[in-house]
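Values in this text are rule-based calculations from the coordinates and carry no lab data. These numbers were taken from a predicted model, which means no experiment stands behind them. When we count neighbours, we look across all protein chains shown, and the Cβ atoms used for this are built from the backbone with ideal geometry, even at glycine.
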Amino acid sequence: MKRYAFLSMVTFALFGCGGSDGGSDSSAQAAPSAIEGTIDSVSKTTVTVNGYEYQATSASFQGQTFAQDMLTLEPNMMVKVSNQSRATNGSVELEPTFIGQIENINRLNSTFSVAGVSLKFPRLSTHIVNGDWVMVSSMPTANAGYKVLSVVKFAQDPSIGGTIVEGYVSSIAENSSFKIGKSLTVWFDPRIVSGEKSLENGMWVEVLGQYNEFEGSITAENITIETYDDFPNDGEIEGIVTWVANDKREFELNYRGRIAVRSTTEFDDGNKNNLVAGALVEVEIGKQGNAVYAKEIEFEDDFDFDFDFDFDIDWDQFEFEEQGFVTDIDSDTLSFTINGKAIVTDANTEYEDRIDFDNLSGECVEVEGIIIDGKHIAREISLEDDCDD
């Protein structure tokens with residue numbers, strides 16, 4: 001994930017010390033080449049992520065080097081640890097979902113907002129007040145919302161850089177705007193989108209820009225499309241399963257990308273039947289060409305939080321299957337109808353049996369998908385032989 005000057009990158013000189021977690025004996029294994037997940041614990045000299053402990057000898061922030069105890073690192077913050085040599089130097093990058101000024105704090109309801117997005121966190125520090133700049137780590141919910149893991153106050157004022165928001169892209173409009181989540185409008189120039197891909201509905205993006213509190217919108221200065229395509233081989237990702245194919249051959253993690261399940265995939269603290277939307281997992285990644293697959297999937301009962309997150313609530317209510325003949329193709333909205341139900345396609349829709357959107361009309365198909373903000377969004381479309389007239 002690209003970092004910017006005002007928050008830069010928190011970089012540690014690290015030494016992988018191994019570690020352990022509840023499900024696997026990490027102490028007997030070399031540290032992965034990269035880990036993306038939440039901080040388990042922090043001491044004066046170490047940071048532990050996904051059960052692997054790293055010795056932290058120094059840190060840089062905004063181009064300056066500090067001792068670790070001068071930085072506000074806390075458990076449950078989302079980070080990425082790079083450790084390419086698996087034994088020597090590595091780096092830690094903060095992976096927040098939001099960076100911005102906190103507003104509308106309601107301690108009775110445990111709610112607040114950043115960039116106009118309503119969030120909830122029952123452990124918000126009493127030292128954080130409206131107007132403070134904060135870093136928010138979160139995981140996605142069933143309806144593309146946010147389940148906050150931690151809220152950390154910035155020691156330095158980062159306002160010269162702008163606000164950062166990550167989220168699920170929807171409602172891209174011809175006037176060069178789109179929405180993140182249900183409500184936040186982002187104004188953008190397509191030329192500022194990093195990478196080779198054009199922006200599409202369904203992508204997960206990081207937006208850096210200037211927030212206008214009067215309009216409740218962000219004018220983007222940079223947009224980065226977030227995927228796992230470049231995640232290192234043998235890396236490990238902690239997250240939440242956001243969709244699973246009926247035959248369990250692949251799944252989506254954190255709305256950011258699909259990971260294939262192979263016959264060689266190992267399961268820890270569960271089996272393939274436990275691979276369902278809403279499951280908390282740690283996934284060891286393998287790569288073969290452009291294919292990303294799971295070497296091992298470890299199921300997590302919880303993330304050792306001392307408050308209730310209810311990650312798995314309502315996930316079944318946001319999945320659907322539909323079989324029937326395709327009618328009412330709309331090329332502008334990339335949607336169609338089956339049995340009177342409007343279904344939308346997006347960047348993450350996959351087509352089986354050598355079909356594509358342009359030749360769906362009149363075909364008998366089966367659609368698996370998810371429901372976000374009331375929209376039925378196709379994840380997989382395949383041809384069927386037995387639709388009833």
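Mean shadow of the range 236-300, computed from the convex hull of its alpha carbons, in nm²?
For the range 236-300, the mean projected area of the Cα convex hull comes to 3.8 nm².
Report the gain in length on full extension from ALA342 to SER41: 0.36 nm times residue separation, minus Cα-Cα distance, nm rounded to one decimal.
Values: separation 301, 0.36 × 301 = 108.36 nm, distance 4.63 nm.
So the extension gain works out to 103.7 nm.
Starting from the Cα gyration tensor of the range 310-384, take the square roots of the eigenvalues, sort them a ≥ b ≥ c, and report rounded, prolate or oblate (rounded when a/c is under 1.5, otherwise prolate if a/b is larger than b/c, else oblate).
It comes out prolate by the Cα gyration axes.
Describe numerically, in nm with one decimal, the distance between label points set 7 Å from Cα along Cα→Cβ at ASN104 and at ARG123.
2.4
Note down the nm distance, to one decimal, between modelled labels 7 Å out along Cα→Cβ at ASN274 and at GLU74.
Each label point is offset 7 Å from its Cα along the Cβ direction, giving 3.0 nm.
Please report the base-10 log of the normalised intensity I(q)/I(0) for the range 226-384, using a Debye sum with one equal scatterer per alpha carbon and no solvent, at each q in 0.15 (1/Å).
-0.85
Need the full-extension length gain, THR227 to LYS248, defined as separation in residues times 0.36 nm minus the C-alpha distance. One decimal, nm. Could the numbers behind the result be given before it?
On the way: separation 21, 0.36 × 21 = 7.56 nm, distance 2.05 nm.
Full extension from THR227 to LYS248 adds 5.5 nm.
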